[in-house]
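Inspection log for the structure reproduced underneath, given as C-alpha cells.
The values are calculated or read from the model by the stated rules, or taken from the named source; none is laboratory data. In this text, all values refer to a predicted model and were calculated from it rather than measured experimentally. No Cβ is skipped: glycine too gets one built from the backbone with ideal geometry, and neighbour counts run over all protein chains shown.
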C-alpha cells in the first residue's frame, strides 16, 4: 500500500493573522513600557535624609542579668550594684526604645527579693519585656 503525500496543504491550514496580531501587540507593549522607564529616569527628586536613623534589626538580643546565691547581680560579664544595673537598663532602653528585653536568671538558693528588685528596675526604666527564672548549677554571666 502506497502512501500519498500532498504538498502545499499544511501552510493553508495555519492562520497567520492571529500570530501577526500577537507580535504587533507585544511590540506595542514593549515600546510603551520602555517610554515609561525613560520618564522615571528623567524625573529628578531630592529625597530627605534621616540623620538619626538606625538600621532596623529583626530581633533584639535580651540583656542577661544573673543573680547568684548571695543576691549579687551580674550583667555583661561583670558584677553590678543595683544602681549600676539601673544605669545599664536605662542605656538598654535608650538603644532599643520599646523593644528592649531582659532575661533574669537567678540561682535556686537566691532570695526572690533580689529578683523582684531587678523586675522593679526594669519597670522603672520602661522595659516591659522581661523574663525571670530560677536555674541552679550555672555560673553567673
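Regarding the stretch 106-121, can at least one residue be identified that is touching a residue at least 12 places away in the same chain (Cβ under 8 Å), part of a strand (DSSP E or B) and touching a strand residue (DSSP E or B) at 6+ places or on another chain (Cβ under 9 Å)? There is at least one residue in the stretch 106-121 that is touching a residue at least 12 places away in the same chain (Cβ under 8 Å), part of a strand (DSSP E or B) and touching a strand residue (DSSP E or B) at 6+ places or on another chain (Cβ under 9 Å). Among residues of the stretch 71-99 being at pLDDT 90 or above and in a loop (DSSP other than H, G, I, E, B), the one that is surrounded by the fewest Cβ atoms within 10 Å (Cβ to Cβ) is 81. Go through the residues of the stretch 45-66 one by one and say whether even a single one is at pLDDT 90 or above and over 27 Å from the mean Cα position of the chain (by Cα). Yes; the residues of the stretch 45-66 include at least one that is at pLDDT 90 or above and over 27 Å from the mean Cα position of the chain (by Cα). For a quick check of your reading of the model, give me the residue pairs whose first member lies in the stretch 60-72 and is more than 17 Å from residue 107 (Cα to Cα), whose second is surrounded by fewer than 15 Cβ atoms within 10 Å (Cβ to Cβ), with beta-carbon atoms closer than 6 Å and at least 6 apart or on different chains. What qualifies is 60/99.
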